[in-house]
Amino acid sequence: MANRLDPPVRIGISSCLLGENVRYDGGHKLDPFISRILSGFFEWIPVCPETEAGFGIPREPMRLERHGKSISLIGLTSRRDLTPQMRSYVRRSIPLFAHQRLSGYILKTRSPTCGLAVAVHPGRSREPGLFARALLRRFSDLPVAEEEALRDPLVRENWIQRVFAYYRLNRFWSTRWTVHTLREFHTSTELTRLSHSPSLSRRLDRFTANPQDISRLQFRCRYQSEFMRIISCPATRAGNATVLQRAAAILRPFLTPAATSEILKSLDAYRNRALPFLVPFTLVTHYLRLTKIIQLSGQTYFNPFPEELALLNHP
Ligand code: SF4
């Protein structure tokens, strides 16, 4: 609770992952990482679509089946087509999430309702579950992940980066923003964007500098979509090295030659895979705190998410 931001970072989640006994067999799928670690940072909005759609607990197992061109949710015991009941729930519930101000969503892997890539019978194709499909369609920029994918440290880090980027952006939209304040927001994310995708970042620079004759809503939608697309690209070693090199050049006039050389050596070693990212990043952040250079200290790159998440330990 101590690590939560104000307002809280709200994350929608398949409620069985939090240990709620809502599965078809009356059980749950408690995920230890989610419940022990992430719970300290996020406010959960738990949802079990199958229960809320009225299928009851326990209920018969279901699966996705292809019938002609359409994909249906079929009860395995009764062979009933449960698609209309689930669609009706989805139509009612998905628009309501707009009021929840979600910054992300965690879905249960392989569920025919919640999963992102679920086996469709017969054959080998994979499709999103009915609830997941509607969620992705309505909130295309929302950072959505399955709990099993989040066990990979790099996927987890990128998802959490997207969550906090989306949270910051939506906090910004909730202000009385102007093109001027948008440009300030945009500048504060410059190094983050560069580390993820220099080419997409330059394109967004051009759009922000010259938004042409479009409405405020169109501007917001396009900015958000392009911004989140950039953050969705995983940050690369080359991108991180370029950004830290640029920060080192800005810090240089304020540092002793020995301190500058220490940063540059660690950057070389990081480029050559001899040191993990955390070493040059911590060094630059350390000198940044000492010098308090505004040009850098306002950059989200140096404060992408709460430090306590300890996510930057990758090679
Ligand atoms: S996967 Fe989704 S529908 Fe199934 S029990 Fe979990 S929350 Fe409910």
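The values are calculated or read from the model by the stated rules, or taken from the named source; none is laboratory data. Since the model is a prediction, treat every value here as computed from it, not as a measurement. Here Cβ is always computed from backbone atoms with ideal geometry, including for glycine, and neighbour counts include all displayed protein chains.
Of note:
- If the condition is being within 12 Å of the ligand (Cβ to nearest atom) and buried (at least 20 other Cβ atoms within 10 Å of the Cβ), then the stretch 60-87 contributes MET62, LEU73, LEU82, MET86.
- The stretch 31-59, subset part of a loop (DSSP other than H, G, I, E, B) and surrounded by 14 or more Cβ atoms within 10 Å (Cβ to Cβ), residue modelled with the lowest pLDDT: PHE41
- Qualifying positions in the stretch 11-30 - surrounded by 20 or more Cβ atoms within 10 Å (Cβ to Cβ), touching a residue at least 60 places away in the same chain (Cβ under 8 Å) and not in a helix (DSSP H, G or I): ILE11, GLY12, ILE13, SER14
- Flag for GLN299 being surrounded by fewer than 16 Cβ atoms within 10 Å (Cβ to Cβ), within 28 Å of TRP173 (Cβ to Cβ), at pLDDT below 95 and not assigned by TED's automatic domain parsing to the domain that holds VAL144: no
- Scanning the stretch 237-252 for residues that are within 17 Å of PRO276 (Cα to Cα) and crowded, with 21+ Cβ neighbours inside 10 Å gives ASN240, VAL243, LEU244.
- Criterion violated by GLY115 - all others in (1) touching a Ser or Thr at 6+ places or on another chain (Cβ under 6 Å); (2) in a helix (DSSP H, G or I) satisfied: (2)
- So SER93, is it of a type in the set (Gly, Ala, Ser), in the same structural domain as GLU43 (by TED's automatic domain parsing) and either away from the ligand (no atom under 13 Å from the Cβ) or farther than 22 Å from VAL22 by Cβ (or both): no
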